[in-house]
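Throughout, read-outs are computed from the coordinates displayed, never taken from laboratory work. Source: prediction; values computed, not measured. Note: ideal-geometry Cβ built from the backbone for every residue, glycine included; neighbour counts use all protein chains shown.
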Amino acid sequence: MKELVLLLLALLVVFSSISKTQLYRHYISLALGLLALALGLIMPSKAIDYVNFDVLGLIVGMSIMSVYMEISGLVDIVASAIERKIKNVFTLYFLITLTAGIISIALENVTVVLMILPIVYALSSKFKIDPRPLAIGVALASNLSGSATMIGDPQAIITAGYFNIGFSDFIVYKGKPSMFFFTIAAMIAACFAISYIGSRKHISGNVTLKTKESSVNVRDKVFALETMFFLGLKIALLTFRSILNLSLTEVAIIAVAGLSITRLASGDKMSVKDALIRGFEWKTVMFLLGVFILSGAFAEQSLAKDVAYAIISYAGLSLFTLTTALVWISVVISAFIDNIPYITVMLPVIEEIHVKIGVEAIMLAWALLLGATLGGNLTYIGASANVIAVRNLEEHGHKVSFTDFIKLSIPFNTISVVTGWILYEIIWVLA
């Protein structure tokens, strides 16, 4: 019990350091992760298992690629193309956030955030608006749709592997709509809500935006085409990486190395140096290392399992109560810890519930996955993409306080969870 109290205090300190956007929170996070190891809350061998080095490699690789997108002028090209389709601030928010969510169906959401944020900055500059709400909206939307298919997010892949289900099962399972429909409906509703909130912060959504004549600043068209090619290659490799047996890090290395070699061959050493130096997000890597270790310790202390059995005792034989509890407990827990270790610990519990009361295991898995996926958006400690978005904003001189974040995340999260939960209960439990 003493160790568990210390762990909860450590998580509280990390959460507090995030909420106040302290400059040294990456040091705090890593130090507390090491403290958890020193106190024996988690063994070093187990801690290594919980650290997702593949995601860390992807973050570094995609950060470098995003700098290439910026200095090549590719971002200006895309921003100008989108700008021509936008009539007002509401349309700007809805189009950008929905695009982020749709792309995240197939791609890892950290990749999507790092890919779209440069476009957010370019458009915000053109329209003279604060980029923070839009950037946060991009992160929230990308997180939300990650479990629409089994290739979007790690927790979806883990669930699919545990129950040996395929790609199509995430769309339709035994004749019933599955995760794809729940998450897409939730995403559209939440994107609409955050677009309304965001547009009201700047200007009435019905007022036409007035910008200067669009001008695309591309200093080297060949550079822009090269960047587009290797970005496209990265997207293709990420889409088919399970078939090609490639990790996220390997895909990132292929794209970054290819573009860097091409630039060096063209004699453009300055661009390569700029991208490698500015793109290496060491503070984010340190922060996530600590978060992964603390989340692993939280899981190893069996608190999640204890909560699950408490749910069974409370719900009894009521399937509606049981699935509702799974959804909302997962929402709360995933708001404060990474949902990957949470899902990993909870899946065997789902299997035990299935055996004990004879309920369809996949039905319970959808409730667990739905709550864990949508719940990670409440705070930016619950999802890596949120951390990346906030860190990236701060790197660009835009401070994001805890209040700034939850003003958007609470309505976004509430609408998305309620929408997904109601659809799930109607289709899978009450039908």
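Summary of computed values
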| quantity | calculated |
| --- | --- |
| Integer Hz, Karplus 6.51/-1.76/1.60 couplings in order for the stretch 269-284, x for Gly and Pro | 5, 5, 5, 5, 4, 4, 5, 5, 6, 6, x, 7, 8, 5, 5, 5 |
| Whole-Hz couplings from phi, Karplus 6.51/-1.76/1.60, listed for the stretch 354-360; x for Gly and Pro | 4, 6, 5, 10, x, 8, 3 |
| Förster radius 30 Å - calculated FRET efficiency between residue 233 and residue 128 (Cβ-Cβ, nearest 0.05) | 0.30 |
| Amide H contacts under 5 Å for residue 173, placed H, 5+ residues apart | 178 |
| Extended-chain gain in nm, criterion 0.36 nm per residue less alpha-carbon gap, residue 261 and residue 174 | 26.4 nm |
| Residue 49/residue 318 FRET efficiency (R0 35 Å; Cβ-Cβ; nearest 0.05) | 0.45 |
| Dipole-positive endmost among 411, 139, 91 within the stretch 2-429 (Cβ charges, Cα centre) | 91 |
| Cα centroid separation, the stretch 96-161 to the stretch 320-359 (Å) | 25 |
| Dipole axis of the stretch 2-429 (+1 Lys, Arg; -1 Asp, Glu on Cβ), positive-most option in 65, 44, 290 | 65 |
| Extension gain (nm, one decimal) between residue 418 and residue 196, 0.36 nm per residue minus Cα-Cα | 78.1 nm |
| Cα-derived Rg over Rh, computed across the stretch 2-429 with Rh taken as Kirkwood radius | 0.97 |
| Residue 87 versus residue 163: modelled label distance in nm, points set 7 Å from Cα along the beta carbon direction | 4.3 |
| Set 87/407; 87/128; 221/283; 85/128; 85/221 screened for pairs whose C-alpha atoms are more than 21 Å apart | 87/407; 221/283; 85/221 |
| The stretch 2-429, dipole about Cα centre (Lys/Arg Cβ +1, Asp/Glu Cβ -1), debye to the nearest 20 | 1200 |
| Using θ = phi - 60° and Karplus 6.51 cos²θ - 1.76 cosθ + 1.60, couplings along the stretch 112-119 (whole Hz; Gly, Pro as x) | 5, 4, 5, 6, 8, 4, x, 5 |
